[in-house]
Amino acid sequence: MNKPIRTISIFCLVLFLALLVNATYLQYWRAGALNDDVRNRRAINESFSAERGAIVVGRNSAIAKSVPSDDEYKFQRTYPKPFLYAPVTGWFSYFSQTGIERTQNDILSGQDEQLFVTRLIDLVSNKPTKGGNVLLTLDPDAQQAAYDGLSALGPGTQGSVVALDPSTGAVLAMVSLPTYDPNDMASHDFGAVARTYEKLNEDPAEPLVNRAIQTRLPPGSTFKVVTAAAAIEAGLYDADSQVPGGVTYQLPLTSGETGLIDNEGRSCGANNTKIPFTQAMEQSCNTTFAQLAEEVGAEDMLKTAEAFGFNRGYLDDLFPQVESVFPDGLDDAQLGQTGFGQFEVAATPLQMAMVAAGLANGGTVMKPYLVDEQQSADLDVLSKTDPEELSQAVSSTTAREVTKLMVATVDDGTASPGAIDGISVAGKTGTAQSGIDAVPPYAWFISFAPADNPEVAVAVMIQKADIPRGEIAGGVYGGPIAKAVMEAVIR
């Protein structure tokens, strides 16, 4: 072979090897990254055209499903009860996914490794891949009761309701208002989708925010059950004890009106006297719980709050979410304010539902979860969530003592609107100051029932509603909502 031919042969061999290396690199090493690249419209078109699995609640009721479409994308994602479930399902659009549609995308799209055999069979059979299904823990009746109760407060309502199974952590209801229609975001009219998103994103009422896990506010007097639990756990008191009372209480390190705590006219005894613990809880005495927090101390208050879930994340099935906060580095005046859920204490509705659920479950806080099962398109169970303990917040003895106080608060105190005929209910109200002149107080209500064998724990948060200023109270407005949700689960 002469030199020119040999040179050309070597050059062609090098080109062939370079082509082989490049093809291997692109199709093996870079395949995953290229497939996931947001600029890869071919992958997006293929995904958007596939038959996506259903999101299911209750007895095979699909709250998100794909139906045949007569356009180029073959299937249209639809949401049969859009406003009721939107904060949980989110949406699946050409541009993005949110909610369960996002966190469970691999199963719903059929790309999860658990569906490898199914994909292989479909490939051999020359059939299009079908996505798997996701079964949620939500109770349709509880979800409807929560939505109806919150909606009844008026069209301007901003708030949330969360219900949990205390023994497992399963989320039985998760409602957030205002809400939106995810069908508009799943439309094949991409121009309309863009306009809808812009409108929703710019709405000052923030309908795209899931207030159950993304809004944290001062929990007000509902936090008094945490303070009570900390005091009892420390061995300072029990439910039958006499505790500090008072018409007013001057916070340490303060003077004058700025550090003077009162009870807004509720019956909490005279200054420098003792009152029954049940009375302090029934009447929601700020003066009592400020003093209890100081007796417990900053370190143990922080420890108890964190044991209930503050300052940590715990829900894996939805994001984004915010952590509830109990501050550290407190002086005595600040510590006193935390005793009744003010200063820098801030909680999500899910967090306060976990507080109620932890007390209902004998002091054991279970990790909350929304996804019950992942299924194949043929309804074969691929995986099922096992309940998981998050923490032992307090002892079972302490939980029983706090439950006594909460039952008394429903029977004879401020939480009476949450009472259910023939069923013992444990509950606590809360009204937290916003700290902003133009913003009315936030209303809270937490409860669980039956108190002696709990099946459901509920938290109601009313951030804003079209009701007269000064009338927002956790008991008056949150109690009936919690009652309806508890009844839906129990009955």
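Quick notes on this structure:
- Label zone at VAL322, where the point sits 7 Å out along the Cα-to-Cβ direction: the range 340-384 residues whose backbone N lies under 15 Å: 343-352
- Euclidean distance between Cα centres, the range 366-409 to the range 275-353, Å: 21 Å
- The chain: relative contact order in percent, alpha carbon pairs under 8 Å with at least 6 residues between: 17 percent
- Unpaired Cys in the chain, meaning no second Cys C-beta under 4.7 Å: CYS12.
- Once the Cβ-Cβ distance of VAL381 and ASP300 is raised to the sixth power relative to R0 = 45 Å, the FRET efficiency obtained is 0.55.
- Equivalent ellipsoid dimensions for the range 155-211 as semi-axes, Å, which come from the Cα gyration tensor, largest first: 28, 15, 7
- Ranked by the mean number of other Cβ atoms within 10 Å of their residues, highest first, the peptides 10-20, 133-143 come out as 133-143, 10-20.
- Full-stretch length increase - ILE423, ASP238 - with 0.36 nm per residue and alpha-carbon distance subtracted: 64.2 nm
- Shape of the range 137-180, Cα gyration tensor, a/c cut at 1.5: prolate
- Here the chain has 51 percent of its accessible surface on carbon and sulfur atoms, given a 1.4 Å probe and all protein chains in place.
- Here the peptides 253-262, 163-172 are ranked by packing, the mean other Cβ count within 10 Å, and the order with the highest first is 163-172, 253-262.
- Hits among lysines - C-alpha to C-alpha of LYS428 under 16 Å, sequence gap 8 or more where chains match: LYS224, LYS404, LYS483
- The sum of -39500 (n - 2.57) across all DSSP H runs of n ≥ 4, divided by the residue count of the chain, sets its helix-only mean residue ellipticity at 222 nm to -10500 deg cm²/dmol.
- Residue-wise HN-Hα coupling along the range 132-141, computed from phi with Karplus coefficients 6.51, -1.76, 1.60 (Hz; x: Gly, Pro): x, 9, 10, 9, 8, 7, 4, 8, x, 5
- If you wrap the tightest convex hull around every Cα atom of the range 251-375 and split its volume per residue, you get 135 Å³.
- Shape class for the range 145-263: prolate, because the ratio a/c of the largest to smallest gyration tensor axis (alpha-carbon atoms, square roots of eigenvalues) is 1.5 or more and a/b beats b/c.
- Using only alpha carbons, the range 308-435 has a radius of gyration to Kirkwood radius ratio (Rg to Rh) of 1.04.
- Based on protein heavy atoms only, the range 268-333 ends up with 40 Å² per residue of surface accessible to a 1.4 Å probe.
- When the Cα atoms of the range 199-300 are aligned to their principal axes, the ranges along those axes come out at 57, 33, 26 Å in descending order.
- Residue-wise HN-Hα coupling along the range 277-294, computed from phi with Karplus coefficients 6.51, -1.76, 1.60 (Hz; x: Gly, Pro): 4, 4, 5, 4, 6, 4, 8, 6, 7, 4, 4, 5, 6, 5, 6, 5, 4, 5
- Relative contact order (percent, whole number), the range 164-245, Cα cutoff 8 Å, 6+ residue spacing: 21 percent
- The chain - share of DSSP beta bridges that are antiparallel (%, nearest 5): 95 percent
- Among 265-277, 327-339, 402-414, sorting by the average number of other beta carbon atoms lying within 10 angstrom of each residue, highest first, gives 402-414, 327-339, 265-277.
- The stretch between LEU20 and ALA270, if pulled fully straight at 0.36 nm per residue, gains 81.2 nm over its current Cα-Cα span.
- Integer Hz, Karplus 6.51/-1.76/1.60 couplings in order for the range 248-264, x for Gly and Pro: 9, 8, 8, 4, x, 6, 10, 8, x, 5, 5, x, 9, 9, 10, 10, 6
- Seen from every direction in turn and averaged, the convex hull around the alpha carbons of the range 342-414 projects onto 7.5 nm².
- Pairs of Cα atoms nearer than 8 Å and 6+ residues apart set the relative contact order; for the range 344-491 it is 21 percent.
- With 0.36 nm allotted per residue and the present C-alpha distance subtracted, the GLN392-ASP332 stretch has 18.9 nm of extension available.
The values are calculated or read from the model by the stated rules, or taken from the named source; none is laboratory data. Note that this is a predicted model, so its numbers are computed, not measured. Cβ coordinates were reconstructed from backbone atoms using ideal geometry, including for glycine residues, and neighbour counts include every protein chain displayed. With ligands, DNA and RNA removed, areas are computed over all heavy atoms of the protein, side chains included. Shrake-Rupley method; radii C 1.70, N 1.55, O 1.52, S 1.80 Å.
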